[in-house]
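Below: the structure, in structure tokens.
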């Protein structure tokens, strides 16, 4: 199935208004590569300003709460993020799962809340180095995906991002054969749960993708784009990744 490539920069806890020029430049890059869908998930403090200058890129958030409102100090609901200008949000990033103790059930609930507020969702799954070294990565990550998958999951509002946690920010990546095996396993897991809809759902690679390896990674079967960290912080570094997507 022909799936449009999706490339999303995750700025994490980086970015002040001084970096808005980079967002504008990345939006211009997206204009030059219309075959791919390009976005930036920026800190919540920048969503409104980034949305105003986004060009052909979309602006997303990095998380949302599963509740619509209430006594949740420091949290942001999906509706708040949508009102600020976000059209997507990341859910279940490994740093949220590990640092904030988010469970698969939390991730599924957040995805449903985001969808209800009109946000599209990038749902992250991945394995630690110990799981990889134990030789059970595909089974563990597939099980995590099925446990995190929200009811009504569909390709028009949901994408999956595979994060080999041990590769994030380290410069290490799995072999292309390992990437192909994991993405194939995730596609099969999706098929077991949502049937033919799985063929349309995009599965992104999210572990140290950069301008040097993006083309090779996105040529792997079932790799439908990337969730990109440090290489998305400037237009110069993000440009070759966007070009590799089309």
Could you work out [θ]222 nm for the chain from helices alone, using -39500 (n - 2.57) per DSSP H run of at least four and dividing by all its residues? Round to the nearest 500 deg cm²/dmol. -11500 deg cm²/dmol
Counting only C-alpha contacts under 8 Å and six or more residues apart, can you give the relative contact order of the chain as a whole percent? 22
So how do 19-26, 147-154, 110-117 stack up, highest first, on mean other-Cβ count within 10 Å? 110-117, 19-26, 147-154
Which entry is the computed Cα extents along the principal axes in Å for this structure: (i) 44, 43, 33; (ii) 55, 37, 33; (iii) 46, 39, 35? (i)
Assuming 0.36 nm per residue, please report the length gained on full extension of the stretch residue 20 to residue 116 beyond their Cα-Cα distance. 31.6 nm
Mind ordering 229-235, 158-164 by average Cβ neighbours within 10 Å, highest first? 158-164, 229-235
Space enclosed by the convex hull of the alpha-carbon atoms of region 1-129, per residue, Å³: 131
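Values in this text are rule-based calculations from the coordinates and carry no lab data. Predicted model, so just to flag it, every value in this text is computed and none were measured. Here the Cβ is made from the backbone with ideal geometry for all residues, glycine too, and neighbour counts use every protein chain on show.
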